[in-house]
1. Conditions: (1) part of a loop (DSSP other than H, G, I, E, B); (2) under 18 Å from R132 (Cα atoms); (3) at pLDDT 85 or above. F160 meets all but one. Number of the miss?
2. Inside region 163-179, can you point out the residues that are in a helix (DSSP H, G or I) and either closer than 30 Å to R37 by Cα or charged (D, E, K, R) (or both)?
3. For region 170-191, name all the residues that are surrounded by 12 or more Cβ atoms within 10 Å (Cβ to Cβ) and modelled with pLDDT of 90 or more.
4. If a residue must be over 16 Å from M171 (Cβ atoms) and assigned to a loop (DSSP other than H, G, I, E, B), how many such residues does region 130-154 contain?
5. State all residues of region 28-59 that are of a type in the set (A, V, I, L, M, F, W, C) and in contact (Cβ under 8 Å) with a residue 24 or more places away in the chain; if no residue qualifies, say none.
6. Select from region 113-129 the residues that are of a type outside the set (D, E, K, R) and outside any helix (DSSP H, G or I) and list them in ascending order.
7. Scan region 24-55 for residues that are under 18 Å from the mean Cα position of the chain (by Cα) and of a type in the set (D, E, K, R) and jot them down.
8. Could you list, in sequence order, all residues of region 24-48 that are at pLDDT below 85 and of a type in the set (F, W, Y)?
Amino acid sequence: MFIGVGIWVGVTLGIMYPYFKFREKKFLVENTGFGIRNFSFKAHKSDFYSIYTLASVWMVVLLVLGFVVTQISTVGSVSAPPPEVNDHGAGNTLAWHPPMLLVVGIVAGVLAIIAYLDTALTNLVLSKTEMRGIRIHSRLKIAPMMILYFTNLAAIAVSFGLLIPWARVRMTRYRITNITVLVRGDLDSFIARETDAEQATGDEMSDVFNVDIGV
């Protein structure tokens, strides 16, 4: 199933990629459960297309701005006077560095788009995941996620990768603190009921196959 959709993603030049992610998330959620019950996925493919369409628009705007800045910097570098030379004969190499600023701006823009996708998709998938009597609510915010992405990347770069575990802990802590499980009724009763149902199912299967599962 996923192989066929993946092929169409390439054939359609990525147009079907949101649909591929929709099918992937739906498969994962509906094959995950607790006790004898599986979760249900209430999202629609249009929800994924909305998120990826907005991200694509941002990416196009970023590319257009990058092209415009490149053209302006090219014209500026041609018409700019030669760099000043100090008493030691060295030029002022820090006077004009638009390419460096352009690279920094593009990297920041890409990280912002990635943070948006991560935030929007996480909120969508978790908030549309339900089980009878249980719902999950995710309230991640784009701005804090962007700050986490930027600071984590800077810390990882400065530490040559040594702070990767620290960065993952920061990201995981933020995610967990912004996820709420909404239960209709008593959570302890639900857990006990599903645990008993799972135990009963195991006992019945052991009787069917005449297998002693006792410890």
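The values are calculated or read from the model by the stated rules, or taken from the named source; none is laboratory data. Since the structure is predicted, the reported quantities are computational estimates derived from the model, not experimental observations. So basically every Cβ, Gly included, is an ideal-geometry build from the backbone, and we count neighbours across all protein chains shown.
1. Here F160 meets the rest and fails (2).
2. As a first pass, look at region 163-179 and keep what is in a helix (DSSP H, G or I): 164-177.
Those that are in a helix (DSSP H, G or I) and either closer than 30 Å to R37 by Cα or charged (D, E, K, R) (or both): R168, R170, M171, T172, R173, Y174, R175, I176, T177.
3. Of everything in region 170-191, those that are surrounded by 12 or more Cβ atoms within 10 Å (Cβ to Cβ) and modelled with pLDDT of 90 or more turn out to be R170, M171, Y174, R175, N178, I179, T180.
4. Of all residues in region 130-154, those over 16 Å from M171 (Cβ atoms) come to 130-137.
Those still in the list that are assigned to a loop (DSSP other than H, G, I, E, B) too: 132-133.
Going through region 130-154 one residue at a time, the tally reaches 2.
5. First, pick out the residues of region 28-59 that are of a type in the set (A, V, I, L, M, F, W, C): 28-29, 34, 36, 39, 41, 43, 48, 51, 54-55, 57-59.
Matches in region 28-59: V29, F34, I36, F39, F41, A43, F48, I51, L54, A55, W58, M59.
6. Taking region 113-129 and keeping what is of a type outside the set (D, E, K, R), we get 113-117, 119-127, 129.
Scanning region 113-129 gives a single hit, T129.
7. Within region 24-55, E24, K25, K26, K45, D47 meet the criteria.
8. Of all residues in region 24-48, those at pLDDT below 85 come to 33-37.
Listed by number, the list holds a single entry, F34.
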